[in-house]
Amino acid sequence: MPLAFLALMLVQLNFGILPVAQKLALNTLTPLALFGIRTVLGASLFFVFYKLWSSRKTGSGVGTKTPAKVYFMLSLLGIALNQFLLILALTHTTAIATVVVVPSITLFTYGFAILLKRESFEWSKAITLLLGGMGVLLLFGEGLLHMIEKLDASIFLGNALCLVSAAVYAFYLVISRDYVGRQSAVEFTSRMFGAAVVWFALLLLGSWIWQLMQDPNGSIVSLFLKEAPMDSTPVVSGFTPQLIGTLGFIVLGPTVINYFLNLWTLKHLPASTVSGFICLQTLIGSTVSYFVLGETIKPSYVISAVCILSSVLLLSMRSLRAPLRARCH
């Protein structure tokens, strides 16, 4: 049990540092490049793990196969849109704002589950969701106020992209429950990332066509690097050891290691305990952002985080008490 808690803390540490690492990578790379690197390398690693896992698997274990179109739909929501919108948001808002928003995934999940009638409506849950909604609205208000005062909509747009990313991922969590049990988690995730690579390729193609329409002489390198090198300078010169290390962490830590640790901790701890630990992401991310990026922890962020995290904790505690009451009866 202590090892499970340590693993869960490592998961939150990786996710808490992720926005800071992506913010640093975006000093050199474009959002498209960062999204592509995480998706392609992540898909490659998961493919290797899946092949190793399938080669050691004994027995048939054949279940109901999921159609390819379902993988493309789920990967669009759970990987492509979720990751790209969050990366794009970091070009407009702070890393602290993103870690404040992340716990709202739990709130959006409950909301979509009720709307899609996957869970029954309860007034206590609705009131708890309203508490988290106040924190979400406060973030919108902070960006809106900045837009009015400074005539700059970047923060408002960034915060909005964060919230849309959270909502998209929550919707994916709700609708994916009908399919995740059909194959092993390793196979399912490997196929999901494979489909996400196709979405990246389509996005890359569309971006390249748009660039050619704007500037027929433009270099495709500019789609990946913020400052394209001179003709005589190799492209790889922009990949400094610091950038390579940052990208290595992004792919291995939050993408691969966290996936396996999440699976392992769910076998040893209740799901409500796992979801409750998400609060650490906000604390870790805000602290690292403050010291590494020099970002300011605004009072509006603190109040918003308190509202959202309180709502998440209340929902987690309620989920934990439900099975206890069932056992008592």
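For L225, the amide hydrogen comes within under 5 Å of the amide hydrogens of T30, counting only partners 5 or more places away or on other chains and with H modelled in the peptide plane. Derived scalar couplings between HN and Hα for segment 221-226 equal 4, 5, 6, 10, 10, 5 Hz in order, rounded to whole Hz, by the Karplus curve 6.51 cos²θ - 1.76 cosθ + 1.60 (θ = phi - 60°), x for Gly and Pro. At full extension, F5 and E149 could sit 47.4 nm farther apart than now, given 0.36 nm per residue minus the alpha carbon distance. Please find the FRET efficiency linking K51 to W208, where r is the Cβ-Cβ separation and R0 is fixed at 25 Å, and quote it to the nearest 0.05. The pair K51/W208 has a calculated efficiency of 0.20.
Spin-label pair N27-A68: with each label point 7 Å from Cα along the Cα-Cβ axis, the two points sit 4.3 nm from one another. Annotation for segment 89-103 versus segment 14-47: alpha-carbon center distance of 15 Å. With a cut-off of 15 Å between beta carbons, the residues surrounding R191 carry a summed charge of +3, where Lys and Arg count +1 and Asp and Glu -1.
Legend: calculated FRET efficiency, E227 to V292, from the Cβ-Cβ distance at R0 = 25 Å, rounded to 0.05, equals 0.70. Between N262 and R182, the distance separating the two model label sites (each 7 Å from Cα on the Cα→Cβ line) works out to 2.0 nm. For the peptides 296-302, 160-166, residues were scored by their other Cβ atoms within 10 Å and the scores averaged per peptide; the highest-first order is 160-166, 296-302. Our coupling estimate for segment 243-259, obtained by passing each phi through the Karplus curve with A = 6.51, B = -1.76, C = 1.60 and θ = phi - 60°, is 5, 4, x, 5, 5, x, 5, 4, 6, 7, x, x, 8, 8, 4, 4, 4 Hz, Gly and Pro reported as x. Multiplying the residue separation of I244 and F277 by 0.36 nm and removing their Cα-Cα distance gives an extension gain of 8.9 nm.
Since every read-out is calculated from the coordinates, none of them should be taken as a lab result. This one's a predicted model, so the numbers in the text were calculated from it and none came from an experiment. Here Cβ is always computed from backbone atoms with ideal geometry, including for glycine, and neighbour counts include all displayed protein chains.
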